[in-house]
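Below is one structure, written out as C-alpha cells, with a few remarks after it.
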Amino acid sequence: MLIKEKTPILSSEITDKAIFINRRKIIKAAAGISIASLLPGSVNAQEKKYAHIPAGPYSASLKVTDYEDAANYTNYYEFSTNKKDSTVLAKNLKTIPWNVTVEGEAEKTGVFNLEDILKNNSLEERIYRFRCVEAWSMAAPWIGFPLGAMLKQFQPSSKAKFVKFTTLYDPEVMIGQKTKALGWPYVEGLRMDEAMHPLAFMATGMYDDTLPNQNGAPLRLVIPWKYGFKSIKAIVKIRFTETMPATAWNKMAPGEYGFYANVNPAVAHPRWSQSRERILGASIFTPKRKTEMFNGYEEQVASLYSGMDLKKYF
Ligand SMILES: Nc1nc2c(c(=O)[nH]1)N[C@H]1C(S)=C(S)[C@@H](COP(=O)(O)O)O[C@H]1N2
Ligand SMILES: [Mo]
C-alpha cells in the first residue's frame, strides 16, 4: 500500500527507523530539549504517514539536517521572500485535492489526480545533500519516487527534448504573487536526459511524513546536483517540449541564474563565491564546507554534460 491510513501500530512493529528517530530525540534531550518528548506515548513516529518507506538505492549516508531547520528556513517566493514568513504563510495553501496537468509531446496527456499518480509510483526515501545558490546547504531525507519513472507513464514522444514544470498560480493564497519578486507562475525545466537520470527525484514527503506546505507540498522536484531553485515546489503542470523552456529565475536575472544551474564551486555567482557553503543548522563556529562539483554527484551525472563548457552553460 502506498497511501497508508493512520492505523495504530504495535510496539513490536516499530522499525529501526522509529528507533532512529527516537535516538535523535535523545540526542536533542541531551542538548537540553524537553525530556518529556522521550516518554512512551509521545514517540510520534507511528503517526507519520511515511514512517515505513524504505531507503532507495541512491540514498546517501549523510548526517541529516534537523527537521526544525529544514522546515523553518524555506525559500518560497510565492509567499514571501523572507524565509521565516514563507514558512508561516504557506500553511494557508490547500493541497488536497490536487491535480497535475500533463501537456505537450506525450502520448498520455490530460489532468491527473495526485492520488492516482501516487498509486502508480512506489515511494522510497532518499537522503540527498541540497545546495542553494545562496551558498547554504542541508541534507534532507525526502520521500518520493524517481522522476523518470513518473514521466515515462505519460509516454513522452521522440520530440520531447525538455520538460517544463509549473507551480500553482493563486495570488489570493500565495500572496507573494501579488508582488514582482519574480515573474509568475514559477517555472522550471530540465533536459529530458536530466529528467530521466536516476538521481532526479519527485518528492511528496520528507522526514517520514508528507511534505510541509512550506517545503513544497504536495509535489516538488528534488534535483540534487543542481542549485536548489531548480527544485520547483507545488507543481500543477508538466509539459513536454521540443525547445528549452524559459525558467523563472533565468528570466529574472539571466546573467546570474542559468537554465542548467549545476552546482559548480569553480563558477562564482556574479555577486558571491560558490566555493563554500554554510551548513544549515550548524553553529557559527563551524567552518563552511567545501562545495563539491555537481554537489557531490559528479561521478553519476558528469557524463550528461560531456563536451559542454560549464562556465558558459552555468
Ligand atoms: N515554486 C517555488 N519553488 C521553489 C522556490 C520558490 O520560491 N518557489 N524556491 C527554490 C529555492 S531558491 C530553493 S533553495 C528551494 C528551497 O527548498 P526548501 O525551502 O524546501 O529548502 O526551493 C526552490 N523551489
Ligand atoms: Mo535557493
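Considering every residue within region 271-282, establish whether at least one is over 14 Å from residue 138 (Cα atoms), without any contact (Cβ under 8 Å) to a residue 24 or more places away in the chain and assigned to a loop (DSSP other than H, G, I, E, B).
Checking region 271-282: at least one residue is over 14 Å from residue 138 (Cα atoms), without any contact (Cβ under 8 Å) to a residue 24 or more places away in the chain and assigned to a loop (DSSP other than H, G, I, E, B).
So residue 250 fits all but one of (1) over 12 Å from the mean Cα position of the chain (by Cα); (2) touching a residue at least 12 places away in the same chain (Cβ under 8 Å); (3) within 16 Å of ligand 2 (Cβ to nearest atom); (4) crowded, with 19+ Cβ neighbours inside 10 Å; what number is the exception?
Unmet for residue 250, out of (1) over 12 Å from the mean Cα position of the chain (by Cα); (2) touching a residue at least 12 places away in the same chain (Cβ under 8 Å); (3) within 16 Å of ligand 2 (Cβ to nearest atom); (4) crowded, with 19+ Cβ neighbours inside 10 Å: (2).
Checking the condition at pLDDT below 50 and surrounded by 14 or more Cβ atoms within 10 Å (Cβ to Cβ), which residue from 6, 25 passes?
Criteria check complete, one pass: 25.
To keep it simple, each residue is scored yes or no on (1) among the hydroxyl-bearing types (Ser, Thr, Tyr); (2) touching a residue at least 24 places away in the same chain (Cβ under 8 Å); (3) within 20 Å of residue 254 (Cα to Cα).
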| site | (1), (2), (3) |
| --- | --- |
| 161 | no, yes, no |
| 165 | no, yes, yes |
| 172 | no, no, no |
| 177 | no, yes, no |
| 184 | no, yes, yes |
| 189 | no, yes, yes |
| 193 | no, yes, no |
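List the number of the failed condition for residue 220; all other conditions in (1) surrounded by 17 or more Cβ atoms within 10 Å (Cβ to Cβ); (2) touching a residue at least 24 places away in the same chain (Cβ under 8 Å) hold.
(2)
With the structure loaded, tell me whether residue 79 is among the aromatic types (Phe, Trp, Tyr) and either modelled with pLDDT under 60 or loosely packed, with under 12 Cβ neighbours inside 10 Å (or both) or whether it fails that test.
Judged against the criteria, residue 79 is not a match.
From the list 90, 106, 55, exactly one residue is within 12 Å of ligand 1 (Cβ to nearest atom) and at pLDDT 95 or above. Which is it?
Sole residue among the options that is within 12 Å of ligand 1 (Cβ to nearest atom) and at pLDDT 95 or above: 90.
Which ones in region 207-230 are in a strand (DSSP E or B) and either modelled with pLDDT under 95 or away from ligand 2 (no atom under 16 Å from the Cβ) (or both)?
Within region 207-230, 209, 210 qualify.
For the subset of region 200-218 comprising residues that are among the hydrophobic types (A, V, I, L, M, F, W, C) and away from ligand 1 (no atom under 11 Å from the Cβ), which member is farthest from residue 267 (Cα to Cα)?
Taking the candidates together, the pick is 202.
Quick check: is even one residue across region 173-188 more than 10 Å from ligand 1 (Cβ to nearest atom), under 17 Å from the mean Cα position of the chain (by Cα) and modelled with pLDDT of 95 or more?
No, region 173-188 contains no residue that is more than 10 Å from ligand 1 (Cβ to nearest atom), under 17 Å from the mean Cα position of the chain (by Cα) and modelled with pLDDT of 95 or more.
The values are calculated or read from the model by the stated rules, or taken from the named source; none is laboratory data. Model, not experiment: these values are computed from the prediction. When we count neighbours, we look across all protein chains shown, and the Cβ atoms used for this are built from the backbone with ideal geometry, even at glycine.
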